[in-house]
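**Q** There's a structure below that I have some questions on.
Where a number appears in this text, it was derived from the coordinates with a stated rule and is not lab data. Owing to the predicted nature of the structure, the values given are computational and were not obtained by experimental measurement. We place every Cβ from the backbone using ideal geometry, glycine too, and count neighbours over all the protein chains shown.
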Amino acid sequence: MSIVARVYGYPPDHNAGSEWMLHSMLRPLAERGHQVAVWLSHPQRTEKAYEIDGVRVVPFQEGMDFAAHAQKADVLLSHFENVPLVAGLARDRLIPLAVICHDNFATSFHNAAGADLVVYNSEWIRRDGEIFYARYPREFLPRNSIVVRPPVIAEEYRTQPGDCATLVNLNSDKGGELFWQIAAWTPGWKFLGVRGAYGQQIMPPPRLPNCEVLDSVPGQRMREHVYSRARVMLMPSLYESWGRVAVEAFASGIPVIAHPTPGLVESLGEAGIFAYRDDLNAWVHALTSLQDPDNWARASRRAKARSIELSAALDLDLWCDAVESLARTRIPNGFRRRALGTVVDASEMGRGPGSDAAARKTEPHVRHGAAEHGRTTTNSVDL
């Protein structure tokens, strides 16, 4: 089976959470013996095709004939701004289309309408998607949908925790300013900031002696360069649809203090320590309390338990089975059957009257996919 994806960037050059999620979903397909190719829509540092964990990556510089190659695929896949292009090719050639929705922005749901398979990265994104689609006629709904939480292979991140309060990505929406304010008020802690893959990075004031900044760290090196030095992870993010860094930290029993975005509440579960990002005192108090060895040990045990719980989920098996089922629906130049077996069919999605969906309000957030690509932002679906 041939799976062809078209996306903006890919690891290791493009070191963002959505791209690492995509890679962790494509790896098991390659391990099952399928041909997996990723074609990039934007130039990156690497100009020649390369392979990572069985996935072939074709840089933009070598990928001018993407459309010609795409028509030979058994399944097409995309996310973010490349979805309309790939969807058009899929319709033209009757190739099954899978779309990953990493956020609850109206544009993401709109572009995924009518896809053969929509993959939501969390239950709350799935819920928002179903409410969004409830206003549309049946033919515009995704044919099927599943939830795949960003897969984290715990043993690839597990290490002995260090002694630093740590933030990955120092841009404003991730809490860069608050991070250094906390550092100023808790001189007993060492602070480690890691530059992110996108957004303007906020540096510490020059006279803060307890602060250190690392350049951006590739995902496969986070264990040795970041988590081995982290005692506590801070995630005062304005928007997180899931929070992969938190789950990676949990593999080592590293406690996480987070702003309660819907995604972080879902991913951290009962292991999360939550403080609102506009309440500096709450963050200082939470971090100070974790200096007590007993408090830290209890939080660490909860983190490890949550890591084990998430690792036991069968999301990747469900994903691989769904893609393989999609490939079987392709009949060259003919009709495609739509059933996917165990995945959720659109007819099972909760559908309310259009007036209910129309009552939703929207609120602007900076989508990381837009910020990292240097484009304008899109309103989210805020319920």
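**Q** Just to confirm the filter: which GluC sites (Glu not before Pro) across the stretch 1-69 are DSSP coil and have at most 15 other Cβ within 10 angstrom of their Cβ?
**A** Hits after loop and neighbour filter: GLU47.
**Q** What's the FRET efficiency of HIS285 with LEU208 using the Cβ-Cβ distance as r and R₀ = 22 Å, to the nearest 0.05?
**A** Numbers: r = 20 Å, r/R0 = 0.90.
For HIS285 and LEU208, the calculated efficiency is 0.65.
**Q** Also, quick follow-up: List the trypsin sites (Lys or Arg not before Pro) within the stretch 190-277 that fall in a DSSP loop (any state other than H, G, I, E or B) and whose Cβ has at most 12 other Cβ atoms within 10 Å.
**A** Hits after loop and neighbour filter: ARG207.
**Q** Report the gain in length on full extension from LEU238 to ALA49: 0.36 nm times residue separation, minus Cα-Cα distance, nm rounded to one decimal.
**A** Gain on extension, LEU238 to ALA49, equals 64.5 nm.
**Q** Here's a follow-up. Using a/c under 1.5 as the rounded threshold, could you call the stretch 55-105 rounded, prolate or oblate? The axes a ≥ b ≥ c are square roots of the C-alpha gyration tensor eigenvalues, and prolate needs a/b larger than b/c, oblate otherwise.
**A** Since a/c reaches 1.5 but b/c is at least a/b, the shape of the stretch 55-105 is classed as oblate.
**Q** If you line up the long axis of helix 176-185 against the longest principal axis of the chain, both from Cα atoms, how many degrees apart are they, to the nearest 10?
**A** 20
**Q** For the stretch 154-311, with only Lys/Arg (+1) and Asp/Glu (-1) charged at the beta-carbon, what is the dipole magnitude about the Cα centre, in debye rounded to 20? Walk me through the numbers on the way to the answer.
**A** Values: 16 positive and 17 negative charges, 58 e Å.
Charge dipole, the stretch 154-311, about its Cα centre: 280 debye, nearest 20.
**Q** Another question, if that's okay. Kindly express, to the nearest 10 degrees and within the range 0 to 90, the angle between helix 17-31's C-alpha long axis and the longest C-alpha principal axis of the chain.
**A** Value to nearest ten degrees: 50.
**Q** Projected onto the charge dipole of the stretch 154-311 (+1 at Lys/Arg Cβ, -1 at Asp/Glu Cβ, origin at the Cα centre), which of TRP242, GLY196, GLY253 gives the Cα projection farthest towards the positive end?
**A** Most positive-ward Cα: GLY253.
**Q** Loop-only check: which trypsin sites (Lys or Arg not before Pro) in the stretch 23-125 are DSSP coil with at most 15 other Cβ within 10 angstrom?
**A** When the trypsin sites (Lys or Arg not before Pro) of the stretch 23-125 are filtered for loop state and at most 15 Cβ neighbours within 10 Å, ARG32, ARG45, LYS48, LYS72 remain.
**Q** Quick one: putting +1 on the C-beta of Lys and Arg, -1 on the C-beta of Asp and Glu, what dipole do you get for the chain around its Cα centre, in Debye to the nearest 20? Before the final figure, lay out the partial values.
**A** Details: 41 positive and 44 negative charges, 78 e Å.
So the magnitude is around 380 debye.
**Q** Determine the calculated [θ] at 222 nm for the chain from helices alone, applying -39500 (n - 2.57) to every DSSP H run no shorter than 4 residues and normalising by the residue count; nearest 500 deg cm²/dmol. Don't jump to the answer; show the numbers that get you there.
**A** Details: 13 runs with 127 residues, N = 383.
That calculation yields -9500 deg cm²/dmol at 222 nm.
**Q** Now, a different point. Give, as a single signed number, the net charge of other residues whose beta carbon lies under 15 Å from the beta carbon of PHE250, with Lys and Arg counted +1 and Asp and Glu -1.
**A** Combined, the nearby Lys, Arg, Asp and Glu give +3.
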